[in-house]
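Read the structure below first, then the notes.
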Amino acid sequence: MRQATFRQPHQRDWGLPPFTSADIWRDLCDTVGQAAHHLFAHRREARRLRRYLAGRSGPVLLSIGSGRTVEAGWIGIDLKHGDRIFRCDLRKRLPLPDASVDGILAEHVMEHFPLDDLAGMLAEFRRVLRPGAPVRVVSPDAAIVTALLDGRDDPRLQAQIGFDTRVHGWDPGEPLLRWRIANRLAYQFGQHQVLLTAASTTALLHAAGFTAAQSMAMTETRYFATVPGTHLARFPDSAHEAFTVEAIRPATTAAAPRTAVPGQQPATA
């Protein structure tokens, strides 16, 4: 599928190039490639990941949706492939045993999935994390989108406008600049599929069985030794546009309530 990417110096504006017949073949090749990945590559990459983990020691730290850049000591999970980066469709079961991971970073990845996929994704995070291990979610803050569209006062607005005009080369005097930035942040030219806030993400984490969720600045951490992630290294002045929530897989799991069999009288003491 055709997608806009970062604006190049010779381009006047963002947007998709004009549609041509070549796009039909490109879309067909993409579809065939994705089907081949789902049928074959997923199992191959799962074996590759298991072999890698068997040959190393130390904590297992997963960077979900890592792209091609992974911090030292971390393992990338992405649709891309590389050194310490393993292909995996995040809509499927992660190729890892229960309670085998010491920490998970989901930095600028959850917004790329439909809302209804997130519950299953977070449930998988909880399954593979060891009891007491943390997860960290970083995503664009939909509260900024609201402020851009309705003129609401938000101390981050000027920083957001300055960031977008610099990175994307937009005219600071354009009358629809706020509308343009709101759409870029919300949809990322067709790549983003859901709007999230710290509050909604906290609710999703709690629904998935995580506890002790805390919201913080992107430059802070509560549960990791150091602030993880690579986004700020790439865009050092973008911390204002994202929220961060960290939570913990509970160290113990409460017993599930018993369900009475239909027609059976409850036991009495």
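Would you point out which residue out of Ile161, Ile144 is modelled with pLDDT of 90 or more and either touching a Leu at 6+ places or on another chain (Cβ under 6 Å) or over 30 Å from Thr226 (Cβ atoms) (or both)? Full working, then the answer.
Numbers: Ile144 fails: either touching a Leu at 6+ places or on another chain (Cβ under 6 Å) or over 30 Å from Thr226 (Cβ atoms) (or both).
Within the list Ile161, Ile144, the selection yields Ile161.
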Selection within segment 214-233 - under 18 Å from Val101 (Cβ atoms) and in contact with a Ser or Thr (Cβ under 9 Å, 6 or more places away or on another chain): Thr221, Pro228, Gly229
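Would you say Asp83 is of a type in the set (Asp, Glu) and either under 21 Å from Ala208 (Cα atoms) or in contact with a helix residue (DSSP H, G or I) (Cβ under 6 Å, 6 or more places away or on another chain) (or both)? Write out each step before concluding.
Values: of a type in the set (Asp, Glu): yes; either under 21 Å from Ala208 (Cα atoms) or in contact with a helix residue (DSSP H, G or I) (Cβ under 6 Å, 6 or more places away or on another chain) (or both): no.
Against the criterion (of a type in the set (Asp, Glu) and either under 21 Å from Ala208 (Cα atoms) or in contact with a helix residue (DSSP H, G or I) (Cβ under 6 Å, 6 or more places away or on another chain) (or both)), Asp83 does not qualify.
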Unique residue being small (Gly, Ala, Ser), under 17 Å from the mean Cα position of the chain (by Cα) and closer than 23 Å to Leu148 by Cα when the list is Ala182, Ala199: Ala199
Would you check if there is a residue in segment 55-72 being at pLDDT 85 or above, more than 29 Å from Ser139 (Cβ to Cβ) and either hydroxyl-bearing (Ser, Thr, Tyr) or touching a Phe, Trp or Tyr at 6+ places or on another chain (Cβ under 9 Å) (or both)? yes
Restricting to segment 76-115, name every residue that is closer than 25 Å to Arg184 by Cα, at pLDDT 90 or above and in a loop (DSSP other than H, G, I, E, B). His108, Val109, Phe113, Pro114
Considering only segment 60-68, I want to know if a residue exists there that is surrounded by fewer than 18 Cβ atoms within 10 Å (Cβ to Cβ) and either hydrophobic (A, V, I, L, M, F, W, C) or part of a loop (DSSP other than H, G, I, E, B) (or both). yes
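The values are calculated or read from the model by the stated rules, or taken from the named source; none is laboratory data. As the structure is a computational prediction, the values presented were derived from the model and not from experiment. Cβ sites come from the backbone with ideal geometry, for glycine too, and all protein chains shown count toward neighbours.
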